[in-house]
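Quick notes on the structure that follows.
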Amino acid sequence: MRAVGTAVGIALIGMVVAGCGSSDRQAAPATTTAAKAVVPSPNTIGLCGGVSDTEVVQATGAGDARRVSENPVSCAWQPATGGDYAVTFHWFRGSALEDRRGQVTTGKPATVQVGGQPGIEWQGAQSCEVAVAFGNSDFIDWSERAVGAPSCQGVEQLAAATLTRAGQG
């Protein structure tokens, strides 16, 4: 009991001494900083573009699509029953959107706006791809390959959802 009383007494003395101080000290002036533009960080895009498997199915009409691969910058969905289609997402970090223009050979590139961001879209006989700027030095890319010409509306919808969830759309 005596040890507890001693410990309480020491604690009280410490609090009193800490509260004492010279009144002639000046408080440090408050500092303010100007607001800066938010640049996307490596964690701003969720896994697989931040969209669910259900959203991929709804946007593309690929009724039995299932995710077959995933990592922080790339995902793919393919049919569970062996159909002939695929949906992919890629996050190209440190790559300029315009660099992508000459890399895709499926159809003629068209300039588009997705979620208020500049993009490039390609449509071929069996595929559609849309690449959209993300931040200052990245872009995202959604593509769909299917028998027959898929509508680009599905991949545009997925790209818009990715941008919105990442605070860019």
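The values are calculated or read from the model by the stated rules, or taken from the named source; none is laboratory data. Given the structure is predicted, the values throughout are model-derived calculations rather than measurements. Glycine also receives a Cβ, built like all others from the backbone with ideal geometry; neighbour counts cover every protein chain displayed. Remember, those area values only see protein heavy atoms, side chains included, never the ligands or the DNA or RNA. Shrake-Rupley method; radii C 1.70, N 1.55, O 1.52, S 1.80 Å.
The table that follows gives values for the structure above.
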item: Some residue of region 101-118 being among the polar types (S, T, N, Q), out of contact with any Phe, Trp or Tyr (no Cβ under 7 Å at 6 or more places or on another chain), surrounded by fewer than 16 Cβ atoms within 10 Å (Cβ to Cβ) and under 22 Å from L47 (Cα atoms); result: no
item: Residues of region 60-111 classified as of a type in the set (G, A, S), in a loop (DSSP other than H, G, I, E, B) and under 16 Å from Q126 (Cβ atoms), total; result: 4
item: Residue count for region 144-169, restricted to those that are of a type in the set (S, T, N, Q) and buried (at least 23 other Cβ atoms within 10 Å of the Cβ); result: 1
item: Residue count, region 60-100 (criterion: under 26 Å from G135 (Cα atoms), over 17 Å from the mean Cα position of the chain (by Cα) and open to solvent by 30 Å² or more (accessible area, probe 1.4 Å)); result: 4
item: Breaking point among (1) within 20 Å of S74 (Cα to Cα); (2) open to solvent by less than 40 Å² (accessible area, probe 1.4 Å); (3) modelled with pLDDT under 95, for E121; result: (3)
item: V114 hydrophobic (A, V, I, L, M, F, W, C) and over 17 Å from Q58 (Cα atoms); result: yes
